[in-house]
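For reference, the structure discussed in these notes is given below.
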Amino acid sequence: MEITANNPNRKSWLTVDVDSDFPIQNIPFGVFLTKDDIITIGTRIGDYAIDLGALHQLGYFEGIPLTDDIFLQDTLNDFIADGRKTWRLVRNRIADIFDAENHKLRDNSAHKDKVIFTMTEIEMQLPVNVGDYTDFYASKEHATNVGSLFRDPENALLPNWLHIPIGYHGRSSSIIPSGTPVRRPIGQSRPAEGTNKPGFGPSKLLDFELEMAFITTVANDLGDRIPIEEAEDYIFGLVLFNDWSARDIQGWEYVPLGPFLGKNFASTISPWIVTLDALEPFRVDNPKQVHEPLPYLKKEGKDSYDINLQVAIKPEESKETVVCNSNFKYMYWTMVQQLAHHTVNGCPVNAGDMMGSGTISGPTKDSYGSMLELSWKGQNPLKLNDGSERKFINDNDTVILRGYAKNNEVRIGFGECTGKVLPAVE
Ligand code: MN
């Protein structure tokens, strides 16, 4: 089925700024509270939030097989479970409804009052009920940097890394939407030199991780696996993902089982899920891999996406400073490799599961996706525009992730993924 929603020549009768992340070619999906405190599934064009529940009740999705209440829900899980064909039909229809050539809704003010809100009138919620959350470790530069800093620069990349998309199972209970404050975590840290008593208290090395996460639909039964050629059909879309990390807690706890309390206190996501369909024009060649992958991980083609990524730090009383510019295309393992690997043992994947990419670091020092790497574990503090310095994240700092894909015709963005760090409560 053609993705007519992606037509770059299409214009909307809604006003959209030229540099908006949300032109009519984007049509992301999210969940919001209206000014009347009603929760609904919606999309966004420019700075307008569109109530899909109201559109459906008014008959605008006629002819598309949808249950009556599919958009009158507080999560996208059921809609995602409907599958790729339905996502395409709905995106294509939304594009038609808001197309500058189509006057049906444009000229019906009673309907418009029910359907269209300004972004300031609504409050974004978590878009999915995340059943399971997995975080990968798929940037070679990041894994090499962290291996050098935490272990041994000579053997930074462990021998398995080039053969397996490494990952771990995280906690879905602490995944929060952009704008939710993050409390500095408390925990144990490595004993000070010459002592054998662990430290305990608020984390001193609080960090962000610049990641993206993909959201899946229901994919396989227990015991079955997803062949890599089919994996893409089960990916609904992507969000920006800040996998907040307490490096001192992590450094003491992570051997032998990996991340635990240093990671599971909070992960912030951007609230609009940008579909893989909308990102179709931004496919780029897969990275060249050092070893030929095993057959179940082998796939030629363009499964990587050119998405510009940025991180800024904003101290409470001053302007932000951009500290990192990276790109999603730097990932060594692609999403389809990750999903094929995740299910090769028969582990079932469900609608609304979230798969973090791992920190996305690029080849240059200004493209590293965490303070751990940017400040090289505190050895090279970063200078902010207000003259202050950061080795890690201070209380009352806001960390802002941004992402967009752009070509000569269209710009598809994710909006912002922000979180302000609040002091620990001891
Ligand atoms: Mn991570």
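One residue alone among Phe260, Phe265 is assigned to a loop (DSSP other than H, G, I, E, B) and either among the polar types (S, T, N, Q) or free of Cβ contacts under 8 Å to residues at least 24 places away in the same chain (or both), and that residue is Phe260. Is there a residue being in the same structural domain as Gly362 (by TED's automatic domain parsing) and within 16 Å of the ligand (Cβ to nearest atom) anywhere in the stretch 193-201? There is no residue in the stretch 193-201 that is in the same structural domain as Gly362 (by TED's automatic domain parsing) and within 16 Å of the ligand (Cβ to nearest atom).
In the set (1) in a loop (DSSP other than H, G, I, E, B); (2) within 16 Å of the ligand (Cβ to nearest atom); (3) of a type outside the set (Ser, Thr, Tyr), the condition left unmet by Gln338 is number (1).
Restricting the stretch 301-321 to residues that are more than 19 Å from the chain's Cα centre (by Cα) and part of a strand (DSSP E or B), the residue that is surrounded by the fewest Cβ atoms within 10 Å (Cβ to Cβ) is Thr321.
The values are calculated or read from the model by the stated rules, or taken from the named source; none is laboratory data. Worth saying up front: this structure is predicted, and the values here are computed from it rather than measured. Heads up, the Cβs are rebuilt from the backbone with ideal geometry, glycines too, and the neighbour counts pull from every protein chain shown.
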